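For reference, the structure discussed in these notes is given below.
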Amino acid sequence: MTSVHGAPNGWLLETRGLTKRFGGLVAVDSLPLAVGRGEVRGLIGPNGSGKTTTVNLLSGLYRADAGEIRLRGERIDRLRPHEITGRGVARTFQIPKLFGNMTVLENVLVPALAELDRGGHRPMAEILDRARRLLEFVTLDRLRHALAKELSGGQSMLLQIARGLMVRPIHLFLMDEPFAGVHPTIKDTIMETILRMNGEEGVTFLIVSHEMAALRRLCPRVSVMHEGKLIAEGSFEEIANHAAVLEAYLGR
Amino acid sequence: MLATSLYYVILAIGWNLLAGYTGQFSLAHHTFAAIGAYTSALLVQYARVPILVGIALGVVLAAAIGYGLGTLCLRMRAIYLALATWAFAESVRLLVTVEYGITRGDLGLAAPFLFGTPRSTPYYYLFLGLALGAMLAAWAIVDSRIGAYMRAIRDDEEAAAVMGVDTFKWKRFVFATSAVFAAVAGGFQGHYLGLLSPTPMKFNEMAMVVVMVIVGGLRTFPGPILGAVFIEVLSELLRAWGEVRMVLFALLVIVVARAYPAGLVGIFRSAGGYLAARVPALAPVLAPRRLRD
Ligand SMILES: Nc1ncnc2c1ncn2[C@@H]1O[C@H](COP(=O)(O)OP(=O)(O)OP(=O)(O)O)[C@@H](O)[C@H]1O
Ligand SMILES: [Mg+2]
């Protein structure tokens, strides 16, 4: 049972040499990222440092030019996005990507319906129950019959989160800038939802954000990227005093 | 004319599944109708199979070609999909025109009448049945979980994929399904007209289907039905105008797309909403509630 790459009390997510190039630009450069089971990990870095590209690689929207990604010890870097989702990875997008012409409720049902196609057989009553409960968490239950395109930016972010939590099983939730441009009350709702899902269901989170205050509350550890590379990792205090981090943020 | 309207209803319903609900603008829909028609007529003529067997085999062939073409084209972005399917449509048309030894090209290929007569009454009932069947089938698809995958794909394909939907598989499924709709309609239409020619394989025919769906209401259930009947009737009334009709239809599409994206269906809905507001007793009929839990 003891595999080299994780398994019992090893990493939930582990990348090695993960690399993505766009033409001459190396957006993600031999990234070694390791996130433990049940962690809430922050991923920070200046604009253009490769955070979104990393999330796109992890969720299968981009194919890596080199390196590997392991989830619970198994390679997922050659899988298509829906296959990665099937193994328990959900995500949100920096700019919300919803099913605009579907209702709020229909949006959160999509992952559960997709699960049926993979041979899942959750009873519809149970699916609806979870959908409604999650919508209630994120304060959108009242709007469940509204079209998703009618929501505000913050509400759209909340809906993305509720929709992602409908993925089952869910081991890893990737969030790209969940707090960007969001009203403070909605920020609180998002933080509560993350902590609650982490506590109650053991969901592991990887949160890309520029919101240091939120990350400080949520994440015991943060990883720092700069120009595609991992330049530091540690507690908030550790990285705040890290020379390379200061240099990356304050300029050369 | 009635049977022909219903023929277009079936084509339009099939194309709406693909373009309206799934967001894949194929320009080869009319070609699948022709594949159904020619396959059947050729098999009946050369292999002496019964007409219904010929039509069935035409449908199977169209589904297989749809599946194959979908495999090749559905990873492309919208504009390339449109171009590739258009190129496919033109290739098939040229093939049918050039291979006149087999297809008799522009001279036309005889297809025996299904009911042994060109009298239109029985065909009208036939097409009525087929159109109803097409509506039921489309309804069953749109109302199922597949319908949810389709709408998710149309709204945001990347989001659908990362929420677990096998987008490629379902786009291809709808592509092949819409080819089946077209081939059923085309197969029976051939044995009603009695003579096949490559003319309806021209782009004009595809344009008519697009016009019908958009004027009726893209991505609405009744849209292709209303649109096909409306445009076909209008087209017959204005027969004397000839090719100029296409210009008129193009203008109509532009006006509708700008003012009423949901087409005739949208117009009827807002009229219904207006009436329901004035006459509350009519409300349950005219403005039914959108959703169940
Ligand atoms: N699809 C793409 N094609 C070409 N270049 C890209 C693409 N996506 C990202 N890049 C480039 O890769 C680099 C990393 O971009 P990325 O979006 O991953 O950064 P980020 O850390 O998410 O930045 P931000 O904080 O602004 O969201 C940038 O230089 C960006 O311009
Ligand atoms: Mg980013």
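The values are calculated or read from the model by the stated rules, or taken from the named source; none is laboratory data. Worth saying up front: this structure is predicted, and the values here are computed from it rather than measured. Cβ placement follows ideal geometry from the backbone for every residue including glycine, while neighbour counts extend to all protein chains displayed.
In this entry, A:V203 is excluded by the filter for residues that are closer than 19 Å to A:W11 by Cα, of a type in the set (V, I, T) and within 13 Å of ligand 1 (Cβ to nearest atom).
Screening B:T97 with (1) more than 13 Å from chain A (Cβ to nearest Cβ); (2) surrounded by fewer than 23 Cβ atoms within 10 Å (Cβ to Cβ); (3) within 27 Å of A:L116 (Cα to Cα) gives one miss only, at (3). Here A:I231 meets each of (1) touching a residue at least 12 places away in the same chain (Cβ under 8 Å); (2) assigned to a helix (DSSP H, G or I); (3) hydrophobic (A, V, I, L, M, F, W, C) with one exception, condition (2).
Considering only segment A:172-200, state which residues are under 14 Å from the mean Cα position of the chain (by Cα), more than 16 Å from ligand 1 (Cβ to nearest atom), of a type outside the set (A, V, I, L, M, F, W, C) and buried (at least 19 other Cβ atoms within 10 Å of the Cβ). Matches in segment A:172-200: A:T193 only. Within segment A:89-103, restricting attention to residues that are among the polar types (S, T, N, Q) and either free of Cβ contacts under 8 Å to residues at least 60 places away in the same chain or at the interface with chain B (Cβ under 8 Å from one of its Cβ atoms) (or both), the residue that is surrounded by the most Cβ atoms within 10 Å (Cβ to Cβ) is A:T103.
Quick one: is B:T31 in contact (Cβ under 8 Å) with a residue 60 or more places away in the chain, under 19 Å from B:Y8 (Cβ atoms), hydroxyl-bearing (S, T, Y) and buried (at least 18 other Cβ atoms within 10 Å of the Cβ)? Criteria met by B:T31.
Filtering B:V92, B:V59 for residues that are in contact with a Gly (Cβ under 9 Å, 6 or more places away or on another chain), assigned to a helix (DSSP H, G or I) and of a type outside the set (S, T, N, Q) leaves a single hit, B:V59. Residues satisfying the criterion are present in segment B:244-266 (criterion: in contact with a helix residue (DSSP H, G or I) (Cβ under 7 Å, 6 or more places away or on another chain), part of a helix (DSSP H, G or I) and more than 19 Å from B:Y8 (Cβ to Cβ)).
Exactly one residue out of A:L172, A:L218, A:L195, A:L206 is within 16 Å of ligand 2 (Cβ to nearest atom) and aliphatic (A, V, I, L, M), and it is A:L206. When every residue of segment A:135-153 is checked against the conditions, none turns out to be among the hydrophobic types (A, V, I, L, M, F, W, C), within 16 Å of ligand 2 (Cβ to nearest atom) and surrounded by 21 or more Cβ atoms within 10 Å (Cβ to Cβ).
Would segment B:137-145 turn up any residue that is more than 14 Å from chain A (Cβ to nearest Cβ), surrounded by fewer than 15 Cβ atoms within 10 Å (Cβ to Cβ) and either part of a helix (DSSP H, G or I) or out of contact with any Phe, Trp or Tyr (no Cβ under 6 Å at 6 or more places or on another chain) (or both)? Yes - at least one qualifying residue is present in segment B:137-145. Screening A:T19 on (1) within 16 Å of ligand 2 (Cβ to nearest atom); (2) at pLDDT 95 or above shows it passes everything except condition (1). Evaluating A:G48 against the criteria (1) among the small types (G, A, S); (2) more than 15 Å from ligand 1 (Cβ to nearest atom); (3) modelled with pLDDT under 95 leaves one unmet condition, (2).
Can you confirm whether segment B:218-236 contains a residue that is without any contact (Cβ under 8 Å) to a residue 60 or more places away in the chain, within 22 Å of B:A87 (Cβ to Cβ) and not charged (D, E, K, R)? Among the residues of segment B:218-236, not one is without any contact (Cβ under 8 Å) to a residue 60 or more places away in the chain, within 22 Å of B:A87 (Cβ to Cβ) and not charged (D, E, K, R), which makes the answer no. Take B:G129 and decide whether it is within 30 Å of A:L113 (Cα to Cα), more than 14 Å from chain A (Cβ to nearest Cβ) and without any contact (Cβ under 8 Å) to a residue 12 or more places away in the chain. In short, no. Does segment B:173-186 include one or more residues that are among the aliphatic types (A, V, I, L, M), over 20 Å from B:S40 (Cα atoms) and outside any loop (DSSP other than H, G, I, E, B)? Within segment B:173-186, one or more residues are among the aliphatic types (A, V, I, L, M), over 20 Å from B:S40 (Cα atoms) and outside any loop (DSSP other than H, G, I, E, B).
Pairs linking a residue in segment A:171-195 that is within 14 Å of chain B (Cβ to nearest Cβ) and in contact (Cβ under 8 Å) with a residue 40 or more places away in the chain to a residue that is in a strand (DSSP E or B) and within 12 Å of ligand 1 (Cβ to nearest atom), with Cβ atoms under 6 Å and 6 or more positions apart or on different chains, are A:D176/A:V208. A:G119 meets the stated requirement of being over 21 Å from A:T204 (Cβ atoms) and more than 7 Å from chain B (Cβ to nearest Cβ). The residues of segment A:46-88 that are surrounded by fewer than 18 Cβ atoms within 10 Å (Cβ to Cβ), away from chain B (no Cβ under 14 Å) and either more than 16 Å from ligand 2 (Cβ to nearest atom) or closer than 21 Å to B:V165 by Cα (or both), listed by number, are A:D65, A:A66, A:E68, A:G73, A:E74, A:R75, A:R78. With the requirement that a residue be closer than 20 Å to A:S59 by Cα and among the hydroxyl-bearing types (S, T, Y), what does segment A:178-225 give you? The answer is A:T204, A:S209, A:S223. Filtering segment B:1-16 to residues that are more than 8 Å from the chain's Cα centre (by Cα), part of a helix (DSSP H, G or I) and of a type outside the set (V, I, T) leaves B:L2, B:A3, B:S5, B:L6, B:Y7.
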